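What follows draws every value from the coordinates through simple rules; no lab data is involved. This one's a predicted model, so the numbers in the text were calculated from it and none came from an experiment. Glycine gets a Cβ as well: all are built from the backbone with ideal geometry, and neighbour counts include every protein chain shown.
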Amino acid sequence: MRIWNFWVNTLILSSQYNPPRFIELLMLSLAIAMLMISTITPDKPYLILGLSFVLGASISILIREAISTTNHAHPTSSQRLITIVTSLLLLIISVYGFADLIMSL
């Protein structure tokens with residue numbers, strides 16, 4: 001029971017400290033779950049929903065990194081670069097997934 005209490009408190013604190021990152025984490029977690037379900041069952045709605053979550057989270061990450069100003073505490077530039085490159089890679093993969101899905105219909 002203490003473990004569950006720890007995780008719930010951690011989620012509450014992380015959602016209060018940085019809500020955009022919490023929503024992005026939630027979207028990417030749901031995308032992973034939906035894409036795993038879509039590999040088990042060949043239903044298209046799970047694949048579409050998973051790719052939509054990846055697309056939305058990657059665009060949100062790119063916008064958040066673009067509008068962050070120097071007045072706030074920032075991670076190091078190498079960490080910021082890794083974040084941008086990773087979100088661009090996710091964006092490219094999701095757009096490619098949607099294009100492949102449209103071509104297969």
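Annotations
- Among 51, 25, 13: highest mean-square fluctuation, GNM of the chain, C-alpha pairs under 10 Å: 13
- Build a GNM of the chain with springs between Cα atoms under 10 Å apart, and of 76, 86, 41 the one that fluctuates most is 76.
- FRET efficiency for residue 2 and residue 37, using Cβ-Cβ distance with R0 set to 30 Å, rounded to 0.05: 0.45
- Each Lys or Arg adds one and each Asp or Glu subtracts one; over the other residues with Cβ under 15 Å from the Cβ of residue 105, this totals -1.
- Length gained when the stretch residue 29-residue 96 is fully extended (0.36 nm per residue, less Cα-Cα span): 22.1 nm
- Placing pseudo-labels 7 Å out from each Cα toward the beta carbon at residue 79 and residue 18 gives an inter-label distance of 0.7 nm.
- A simple charge model with +1 on the Cβ of Lys and Arg, -1 on the Cβ of Asp and Glu and nothing else charged puts the dipole of the chain at about 260 debye relative to its Cα centre.
- Region 53-64 - phi-based ³J(HN,Hα) in whole Hz, Karplus 6.51/-1.76/1.60, Gly and Pro as x: 5, 5, 4, x, 5, 5, 5, 4, 5, 5, 5, 4
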